[in-house]
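Following: one structure in structure tokens, then a few remarks.
Here, each number is a calculation from the coordinates, and none is a lab measurement. Not measured: the values here are computed from a predicted model. Glycine also receives a Cβ, built like all others from the backbone with ideal geometry; neighbour counts cover every protein chain displayed.
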Number of protein chains: 2
Amino acid sequence: MHKPRVSQMASQRNLVRQEKPETAHRFASDYALEDQIGHLLRRANQRHTSIFFESLSDQKLTPTQFAALVKIGDEKEVSQNRLGRLTAMDPATILGVVKRLGDRKLIAAHPDPNDGRRSLWRLSSRGERLLTEVLPIATRITRHTLAPLSRGEQSTLLGLLRKLS
Amino acid sequence: MHKPRVSQMASQRNLVRQEKPETAHRFASDYALEDQIGHLLRRANQRHTSIFFESLSDQKLTPTQFAALVKIGDEKEVSQNRLGRLTAMDPATILGVVKRLGDRKLIAAHPDPNDGRRSLWRLSSRGERLLTEVLPIATRITRHTLAPLSRGEQSTLLGLLRKLS
DNA sequence: AATAATTTGTTCGTATACAAATGAATTTCA
DNA sequence: TGAAATTCATTTGTATACGAACAAATTATT
């Protein structure tokens with residue numbers, strides 16, 4: 001006997017713990033993976049994602065799904081590709097995100113009368129309710145993610161990351 | 001007539017450009033997606049990945065594949081799961097990374113005489129050659145990624161990200 | 001008006017990323 | 001020593017993430 005699988009999506013994520021190697025010997029003595037910006041960004045992202053899933057395991061929203069909801073809420077009405085640009089997602093990526101939100105009836109599409117190629121996406125009332133419920137949690141997720149840093153460090157980090165965009 | 005698809009992997013990546021919304025109206029006036037740590041980390045990661053693929057399009061290495069090569073090079077001999085811990089990858093993720101590196105004969109597995117469950121992975125001579133060739137490029141990737149920041153800002157950022165790990 | 005260039009949304013393919021579950025081997029410990 | 005717990009590698013399923021190519025619709029150019 002075992003518990004059934006989660007249907008929609010993994011409910012929670014455990015942050016992968018990185019093991020520190022004991023030896024200081026390296027193939028290239030001057031290249032330490034742990035000190036590279038790419039590795040540090042990837043790990044910070046992992047930690048944030050882990051906190052995100054922990055905090056929103058009930059609502060079963062992924063970070064990108066949440067970002068899409070937020071932007072549709074801001075724009076009221078937005079085409080799929082533009083939503084992708086607003087959330088920094090490739091057209092092929094936003095396609096799947098929107099599809100899954102649509103399947104869950106959190107958003108709905110209406111054809112654009114002025115452009116036969118486009119559909120305009122809006123929040124459904126379910127989507128609005130969910131977004132209202134989730135926004136305060138998202139604020140806590142941000143706080144939790146930044147908790148290891150002081151206030152000053154937090155705004156420094158945000159400023160530096162903005163320059164790297 | 002059209003060009004054939006790339007077989008192994010996408011050759012290059014174009015950074016997804018984020019569009020800034022014109023209106024300041026937001027569903028929740030106090031939640032701006034662009035200012036959230038998660039969104040900024042995601043975008044910084046996207047940019048780094050884009051630079052990585054641009055710089056290493058010839059060698060056809062992904063960031064995680066490269067990380068695995070580096071760590072195998074450092075360790076000389078390492079089991080699959082431990083390699084995952086060293087590179088901060090889930091067992092299911094490192095499985096695929098190692099499989100693809102193995103398929104390309106960049107690494108090879110030898111059974112562990114002391115543990116019937118494990119195989120120990122090593123760099124092949126091809127893998128050693130490739131790693132030697134790629135390490136200077138990886139250093140340039142790090143420099144290029146951090147280029148928008150001054151020297152001082154760079155080490156500040158690395159320090160803050162380390163605290164977030 | 002005819003043509004060229006662009007935009008929109010889609011499909012296909014590859015590669016992370018991770019939860020959950022599992023069998024086999026090993027280690028821990030009562 | 002023998003049962004329990006852990007570790008290793010694997011399988012299945014879901015969700016990004018993005019390149020490449022494409023058809024249809026729209027816009028820009030001539």
Can you tell me which of A:ARG47, A:ARG82 is basic (Lys, Arg) and over 30 Å from A:PRO111 (Cβ atoms)?
A:ARG47
Scan (1) surrounded by 13 or more Cβ atoms within 10 Å (Cβ to Cβ); (2) closer than 17 Å to A:GLU34 by Cα for the single condition B:THR93 breaks and write down its number.
(2)
Taking segment A:145-165 and keeping only residues that are surrounded by fewer than 17 Cβ atoms within 10 Å (Cβ to Cβ) and either more than 7 Å from chain B (Cβ to nearest Cβ) or in contact with a His (Cβ under 6 Å, 6 or more places away or on another chain) (or both), one is left with A:ALA147, A:SER150, A:ARG151, A:GLY152, A:SER155, A:GLY159
Condition set touching a residue at least 60 places away in the same chain (Cβ under 8 Å) and of a type outside the set (A, V, I, L, M, F, W, C), scope segment A:133-142, selection nearest to DNA strand D (Cβ to nearest atom): answer is A:GLU133
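Residues that are within 14 Å of DNA strand D (Cβ to nearest atom), within 7 Å of chain B (Cβ to nearest Cβ) and within 30 Å of B:VAL134 (Cβ to Cβ): list the helices (runs of 4 or more DSSP H) wholly contained in segment A:13-112 that include at least 1 such residues.
A:37-55
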Taking the options A:ALA108, A:ALA147, A:ALA67, name whichever one is among the hydrophobic types (A, V, I, L, M, F, W, C) and within 14 Å of DNA strand C (Cβ to nearest atom).
A:ALA108
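Take segment A:113-125 and flag every residue that is outside any strand (DSSP E or B) and away from DNA strand D (no atom under 16 Å from the Cβ).
Listed by number, the residues that qualify are A:SER124, A:SER125.
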Out of A:LEU86, A:LEU149, A:LEU160, A:LEU130, I need the residue that is within 26 Å of A:ASN14 (Cβ to Cβ) and either within 14 Å of the chain's Cα centre (by Cα) or free of Cβ contacts under 8 Å to residues at least 12 places away in the same chain (or both). Which one?
A:LEU149
List the residue pairs whose Cβ atoms are under 7 Å apart, where the first residue sits in segment B:98-116 and is more than 14 Å from B:ASN81 (Cα to Cα), the second is part of a loop (DSSP other than H, G, I, E, B), and the two are 6 or more positions apart or on different chains.
B:LYS105/B:SER124; B:LEU106/B:SER124; B:ILE107/B:SER124; B:ALA108/B:SER124
Residue ID - nearest to the other protein chains (Cβ to nearest Cβ), chosen from residues in segment A:113-130 that are away from DNA strand C (no atom under 16 Å from the Cβ) and small (Gly, Ala, Ser):
A:GLY127
Starting from residues that are touching a Ser or Thr at 6+ places or on another chain (Cβ under 9 Å) and small (Gly, Ala, Ser), keep the ones in segment A:48-72 and report whichever is nearest to A:LEU15 (Cα to Cα).
A:SER57
